[in-house]
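The values are calculated or read from the model by the stated rules, or taken from the named source; none is laboratory data. Keep in mind it's a predicted model, so treat the numbers as computed, not measured. Neighbour counts run over all protein chains shown; Cβ positions are idealised from the backbone, glycine included.
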Amino acid sequence: MEKSHELELTQMRKSVEKLGFSTEKYGDPTLMRFLIARSMDTDKAFKDVCPVAEMEVFFMPDQLEARKIFLQGLSKTGYPVMIVQACKHYPPKDHLQFKNIHSYTFDSLSCTNRSAIKGREIGNEKLIGVLDFQNITYRNVDARGLITGFQFLQAYFPERLAKCYIVHMPRFFVSVWRMVSRFIEKSTLEKIVIVTNDDEKKIFIEDIGEEALPVEYGGKAILRAIQDVQVPTLEG
């Protein structure tokens, strides 16, 4: 790590700890993610870290029972693969619970990553997401939920997204996606790939790997609902 960044990291740790939050489980690479995401602005990065340090995750069986979120093995590049089947999703009335399920999901992904060892984040934990819009109807459309999901990822888990694939997007959803994308940061949009033809699907399969990708998507694995996957717990 460059010496020029040591001052920013030290400043961030002192600012967070001054508010009574512990930074013990966050390594320098983890804090650097927040700094990089905010162009090395310590004040902005500090404001992002604090909500993460105090955030608690609540278990929401009503969201998990839909079995719409799946946690697969590691991709070829060593990143955990998350699949979301939008046809099983319906816009929630309580968006606080919706944010909590996002927290539960991303925490599970962090623990699954092989770099999350000994109960401590290393800081290079990334994930690959797959948004599947097959068989969705207008009742499943949740533009606010999509915006919330991406903004939550950007704010609480910066620099965590390795790549996000969107598959089976119907024509009627194109206009919805255009609207949603206006609320997503450019750096995140650059990591999103919309798979539209056989050639792109082949690349999609090759990038993730058949061992991690379920049979339904051209791989050899079995879909595993996130609540059925046992993951190690990061010690606080």
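Restricting attention to region 211-223, the residues being within 11 Å of Gly73 (Cβ to Cβ) and surrounded by 15 or more Cβ atoms within 10 Å (Cβ to Cβ) number 5.
Can we say Glu211 is of a type in the set (Asp, Glu), in the same structural domain as Val130 (by TED's automatic domain parsing) and in a loop (DSSP other than H, G, I, E, B)? In short, yes. Among the residues of region 127-177, those identified as in a helix (DSSP H, G or I) and among the hydroxyl-bearing types (Ser, Thr, Tyr) are Tyr138, Thr148, Tyr156, Ser175. In summary, Val180 fulfils each of the numbered conditions (1) outside any helix (DSSP H, G or I); (2) modelled with pLDDT of 95 or more with the single exception of condition (1).
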